[in-house]
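S.K.: One structure follows; several queries about it will come next.
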Amino acid sequence: MNILVVHETEYIEKVIFEYQIIPELWASWGHNVYVVDFPTKLDKKSWYDVGLFKSRIIKNVRRANKKKGVTLIRPGIIKLPVISRISASISHYFAIKRAIKEYKIDVIFLYSVPTNGLQAVFLAKKFNIPIYFRLLDVLHLLVPNKILSLLTFLMEKSVYKRVDELTAITPKLTEYALRMGAKRESTSYLPSGSDNDLFFPKVKDKNLVEKYHLKKSDTVVMFAGTLYNFSGLDLVLEYFAKHRQKYPHLKFFILGHGEQSKALFEIIKKNKLHSSVFMTGFIDYRLLPQYLNLADICINPFAINPLTNLIFPGKIYQYLACGKPVVATKLAGLIDIFPDNGGKNGLFYYEQKNMSDFFGQLIAIGRREINSHELSLQQIARLIERQLKSLSAS
């Protein structure tokens, strides 16, 4: 098949998740995969990327360590805040149209709404091509501006009811899509998963143990991912700083970067936690399993709010695939898939902002491995591949 993947975020520099892994698996299985993306970093060397009505084409882009890569289509934009998105809504229309005709696209796989979702749906109908939507988030809540958030909300309602198939990564998101007008007969829950080519239990890397001066008595607690302000890590570190003497053997690793990085650095500096808390920045995807297998316990202390509550953080699957128990807040999207059963499924929950409960869980869990039987992204990619073939054939 010739598959066109359409998203409205960065493909090359974005943290690797199913957005890069699934298309590159399809490419490795013999499909021709083309990806339309949006560069989130606006290089000011020129106002235009390549011109509004041209696209930069980059062949064999490989982010997920697979055998074959995708052809990346990057439409031109005007490189100014806000205007970049407005210009993209025009340039992406023409880029998607050209791709459909030039590459003889059989099916469109869509992740996005406000920048290019309506355009993709319109062109799919115009050229009689099936279109499949993959729902990962409550998209309008990702937009900080209230007016633009409302517009995105209305666009979501328009897109979801017009696609031929929609799958969401949690039952709660599936219910959300149905409330937004998605067709019940073609809307379903399909979880994400881990990349089992890379993520599985391994012994602790001796070089990393030496690098960070870890002792056998240390319990390594790890967080991996983008550092959003809702990460909850600030509460964890502040509590740890006040009660450090109670937990001399805890070592925290924070793998990632983001809007909260500076605040976390300040907490570490102010409280002289450098010997107990290590912030590494983003880790190369191929090296990430070595770091996760350094952990004894992994965490997801997200604040619970309308944006986070329905989602399922993909890092959870990576943690579990490496055999690590997870301590997490009770996000509805998490509990839907991993019920609160005292950790039998590998998830140990605590009450939001109750740091005494959180640290109590860490001590009680100690060192143990769990067996995960969740779906891998390879299995998910195969399931979606079959759905796409069915849509294309019909």
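Read-outs throughout are calculated quantities, based only on the coordinates presented, and are distinct from any laboratory measurement. Given the structure is predicted, the values throughout are model-derived calculations rather than measurements. Positions of Cβ are backbone-derived with ideal geometry, glycine not excepted, and every protein chain shown enters the neighbour counts.
S.K.: Under the classification rounded if a/c is under 1.5, otherwise prolate if a/b is larger than b/c and oblate if not, where does segment 118-266 fall, given a ≥ b ≥ c as square roots of the Cα gyration tensor eigenvalues?
M.R.: prolate
S.K.: Hey, with R₀ at 45 Å, roughly what FRET efficiency would Ile58 and Asp357 work out to, going by the Cβ-Cβ distance, to 0.05?
M.R.: 0.40
S.K.: Let me ask you something else. Would you please give the residues with an amide H less than 5 Å from that of Leu135, counting only those at least 5 places away or on a separate chain, with H modeled from the backbone geometry?
M.R.: Thr167, Ala168, Ile169
S.K.: If you line up the long axis of helix 146-160 against the longest principal axis of the chain, both from Cα atoms, how many degrees apart are they, to the nearest 10?
M.R.: Approximately 60 degrees, to the nearest ten.
S.K.: Using the number of other C-beta atoms within 10 angstrom as an exposure proxy, rank Asp218, Asp37 with the fewest first.
M.R.: Going from sparsest to densest Cβ surroundings: Asp218, Asp37.
S.K.: In what order do Arg63, Arg386, Arg98 fall by count of nearby beta-carbon atoms within 10 Å, going from fewest to most?
M.R.: The fewest-first ordering by Cβ neighbours comes to Arg386, Arg98, Arg63.
S.K.: Using only the Cα atoms of segment 339-383, build the gyration tensor, take square roots of its eigenvalues as a ≥ b ≥ c, and label the shape rounded, prolate or oblate: rounded if a/c is under 1.5, else prolate if a/b is larger than b/c, else oblate.
M.R.: prolate
S.K.: 222 nm [θ] for the chain, helices only, -39500 (n - 2.57) per DSSP H run of 4+, per residue, to 500?
M.R.: -10500 deg cm²/dmol
S.K.: Please list the non-local residues whose amide H lies under 5 Å from the amide H of Val6, H modeled 1.01 Å from N, same-chain partners needing a gap of 5 or more.
M.R.: Val36, Phe109, Leu110, Tyr111
S.K.: Just for the chain, what percent of DSSP beta bridges are antiparallel, to the closest 5?
M.R.: 15 percent
S.K.: Please list 3J(HN,Hα) in residue order for segment 63-76, calculated via the Karplus relation 6.51 cos²θ - 1.76 cosθ + 1.60 where θ = phi - 60°; whole Hz, with x for glycine and proline.
M.R.: 10, 9, 6, 9, 5, 10, x, 10, 8, 8, 10, 10, x, x
S.K.: Also, I was wondering about something else. Among the listed pairs Lys14/Lys68; Lys146/Lys183; Lys216/Lys262; Lys59/Lys204; Lys79/Lys101, which have their C-alpha atoms separated by more than 29 angstrom in this model?
M.R.: Those over the limit are Lys216/Lys262; Lys59/Lys204.
S.K.: Could you give me the radius of gyration and the Dmax of segment 208-280, taking only the C-alpha atoms into account and expressing both in angstrom?
M.R.: So, for segment 208-280, Rg and Dmax equal 11.8, 34 Å respectively.
S.K.: I need the shape label for segment 206-365. Rule: rounded when a/c is under 1.5, else prolate if a/b > b/c, else oblate, with a, b, c from the alpha carbon gyration tensor.
M.R.: Rounded.
S.K.: Given a cut-off of under 8 Å on Cα pairs at least six residues apart, what relative contact order in percent is computed for the chain?
M.R.: 15 percent
S.K.: Going by how many other beta carbons lie within 10 Å of each one, how would you line up Lys389, Lys269, fewest first?
M.R.: Taking fewest neighbouring Cβ atoms as first place, the list is Lys269, Lys389.
S.K.: Want the number for Arg98 to Leu150: 0.36 nm per residue separation, take away the alpha-carbon distance, what's left?
M.R.: 15.7 nm
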